[in-house]
Structures are given as structure tokens and as C-alpha cells.
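**Student:** Take this structure, written in C-alpha cells, and hold onto it; I'll ask about it next.
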Amino acid sequence: MRFSISIPQLDYDGFDDAGVKDYLARAEELGFEGGWTMEQVVGNAPRIAPLEMLAYAAACTTRLRLGVAVLVTSLHDPLQLASAVTAVDRLSHGRLDVGVGHGGNFRPFSAFGVEKATFVSYFTEGLGLMKAAWSDEPKVTFHGRFRDVDGLPIQPKPVQRPHPPLWLGGSAPKAIARAVRLGDAFLGAGSSTTASFVEAAKIVRQELEKQGKDPARFTVGKRVYQMVDDDASRACERVLAGLRRIYGDVPGLDLEAVPVSGTPDDVVRGVREVIDAGAEMILLNPVGATVAEDREQMERLAADVIPQLR
């Protein structure tokens, strides 16, 4: 099993430079495979932008892989985003993982000049243009429905070839099929329940076989929001408060069904269910309000939870 940890991004009263540096150093010492961010372009939580956070993390670490899940690429210009991804991959010497998604039809697409009726096509074409920008071709030509690129020089290229690993997600069968077709790995959303991940993982395996892709070269993972506390009731209160900071009031999202929380044994059982469903990489995501709170959770995970899951 591979375990990653989320990187604190909240900035309520000024960025905690020393706290985040210590957090990243400790994550490497504890043996976590990766540190991951999330994107929230529009929202109430004061969250540092993910790629910028990863560029900072690249300077503070030497071994930790650095991931983002997910970049809502339908809200970005593909060439500019491809350039930013390349920059972080090069600054980290090839340690970047990139989660991408179209964001769902509840996004404020009009604020970004994107037509709601075509956002999925916009996402798919944009990803194709990003892959073209990362290709070995020194000049990029791409003719699509939304973009027309003719012989543009694009340098430099990412360290990882043909590009940093792309993680896609989804719950509907069509979305999962698209994830397998376009991606290198599948990541179940933190906002999805374990039960829904069980079903999604089954479809991923079916699609890998149907599309003729090698399962050994396609990682399946899941983000797990969690809170460890010796008082299970207090753990539940803390994790729900953290999820409300992230999501606010999202229609149709049952926050109580999403996280894994409680005593160390409770969290072990909850994470074990995700592993048994087929996850090969678990992205553990404390949801504290401060770096110190997330650091305390990371220490407890490393001491009391992960050893029971090895």
C-alpha cells in the first residue's frame, strides 16, 4: 500500500511558512509517498492555489511526490495551464502528479467564459491540447473546436515523459470510461463515499480490460477525509466542521457519509474498507483549521493507523 498526505493550504491569518516547512519535512521523515493539494478557484475558504503551493513544496522537499487533485481544467486556458504544470514538474525534478477534471455542471462556467452546454467537450479538447504542448514536438499544431494552434513554439517540456501522470476520477460509467481512456490513474474523490468508490473501482477494472490497458500500469487511489481522536464523538464533530470549511453547503452532498473518523481503530477499519475496494494509493486528508492541527493528525496517522494497514 502507498500512503500520501494532504498539504495544508488554508491561509486565514497569514501564511504559516515555518509550520508548512516543518510539516513537509516531517511528511518525508514519516515515509509518506506524496503530498497533495486541491483546487478551489471560487469559494469561501482562503485556500492557497494548488500549483503555486506545490512549487513552494518542491523547494522544501527532496523525495516527496507532489500532487494536485483535481485541477478543474475546464476553467483554465489549456496552454497556460500546461506551462504551469511543466514549471512545477521541472522545479520538482519530475515529482509531480496531476489530477484533472471538468468540474461538474454546478461550476460557475460563465465567470470563466465557458459555455455550460459544452464544458465536457471543452475539457476533453483542452486536455488534448495540453498533451500536445507537452509532446516532444518543438512547435505545436492543434486544430480543435475551441482552439486553433498552428506551429507555436512551446518550451520547455516536462521532465516526466510524455508528461506527468494524469489522475482522473468520476462516478458515472461514462465518466469512468473517459478517465481510463484519457488518464494514467484513477482517484476517487474525497467527497465520494466508500460505497460509491466500491462501485467506481469495479467499473475501472472493467474498463481497463475493455480498453486493453494494463492494470499494473494504472493506479487506483482515493482521497479519504479523516479525523483521529480518542473520543469518537469529538472526532465526528471535528471532521464535519472541517468538511464544512471545504465545501460549505453543496446541494446533494451528504457530508456525514463522506469521512472516516473516530478512534485509531475506527479509522483503521474505515480505511481498510477503501483498500479492500481496490485502492492502491490512499490520500489521507486531515481537515483541521490550522497547520498545527493537520500536523497532529499526520503524526497520529503515522503512529496509530498506517502500521495496522501495512
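Every number in this text was worked out from the coordinates using simple rules, so none of it is lab data. All values reported here derive from a predicted model rather than from experimental measurement. Positions of Cβ are backbone-derived with ideal geometry, glycine not excepted, and every protein chain shown enters the neighbour counts.
**Student:** What is region 1-145 by shape, rounded, prolate or oblate, if you read a ≥ b ≥ c off the alpha carbon gyration tensor as root eigenvalues and call it rounded for a/c under 1.5, prolate for a/b larger than b/c, and oblate otherwise? Don't skip to the end; give the middle numbers.
**Tutor:** Values: a/c = 2.33, a/b = 1.47, b/c = 1.59.
Taking the square roots of the gyration eigenvalues as a ≥ b ≥ c, region 1-145 is oblate.
**Student:** Hey, another quick one. How high is the relative contact order of the chain? Use alpha-carbon pairs under 8 Å, at least six apart in sequence, and give a whole percent.
**Tutor:** On the way: 535 pairs, mean separation 53.1, N = 310.
Worked out over the chain, it gives 17 percent.
**Student:** Describe numerically, in nm with one decimal, the distance between label points set 7 Å from Cα along Cα→Cβ at Tyr12 and at Glu299.
**Tutor:** The two pseudo-label positions are separated by 2.0 nm.
**Student:** Angle between the Cα long axis of helix 194-210 and the longest principal axis of the chain, 0 to 90 degrees, nearest 10?
**Tutor:** 40 degrees
**Student:** Give the residue list of chymotrypsin sites (Phe, Trp or Tyr not before Pro) in region 53-139 that are DSSP loop and have at most 10 other beta-carbon atoms within 10 angstrom. Write down the numbers at each step before the final one.
**Tutor:** Working: sites: Tyr56, Phe106, Phe109, Phe112, Phe119, Tyr122, Phe123, Trp134; in loops: Phe106.
Loop-located and lightly packed - Phe106.
**Student:** Work from the charge dipole of region 203-260 (Cβ charges, +1 for Lys and Arg, -1 for Asp and Glu, about the Cα centre) and give the residue of Gly212, Gln226, Leu255 farthest towards its positive end.
**Tutor:** Gly212
**Student:** Restricting to DSSP H runs of at least four residues, report the calculated mean residue ellipticity at 222 nm for the chain, -39500 (n - 2.57) per run over all residues, nearest 500 deg cm²/dmol.
**Tutor:** Details: 9 runs with 120 residues, N = 310.
Mean residue ellipticity at 222 nm (helix-derived): -12500 deg cm²/dmol.
**Student:** Using only Cα atoms, find the angle between the long axis of helix 78-91 and the longest principal axis of the chain, and express it within 0 to 90 degrees, rounded to the nearest 10.
**Tutor:** Compared with the principal axis, the helix lies near 60 degrees.
**Student:** I would also like to ask the following. Give the Kirkwood hydrodynamic radius (Å, one decimal) of region 96-196, defined as one over the mean of 1/r across all pairs of different Cα atoms. Present the calculation step by step, with values, prior to reporting the outcome.
**Tutor:** Values: mean 1/r = 0.0661 Å⁻¹.
Roughly 15.1 Å, rounded to one decimal.
**Student:** Sticking with this one: Measure nothing but the geometry: give the 0 to 90° angle between the long axis through the Cα atoms of 119-134 and the longest principal axis through the Cα atoms of the chain, rounded to 10°.
**Tutor:** In the chain, helix 119-134 runs at an angle near 80 degrees to the longest axis.
**Student:** Roughly how many debye, to the nearest 20, is the charge dipole of the chain about its Cα centre, given +1 on each Lys and Arg Cβ, -1 on each Asp and Glu Cβ, and no other charges?
**Tutor:** Working: 35 positive and 41 negative charges, 230 e Å.
Roughly 1100 debye, rounded to the nearest 20.
**Student:** Moving on to the next point. For the charge dipole of region 1-159, defined by +1 on Lys and Arg C-beta atoms and -1 on Asp and Glu C-beta atoms about the Cα centroid, which residue among Leu51, Ile7, Leu81 has the Cα displaced farthest towards the positive pole?
**Tutor:** It is Leu81, whose Cα lies furthest towards the positive end.
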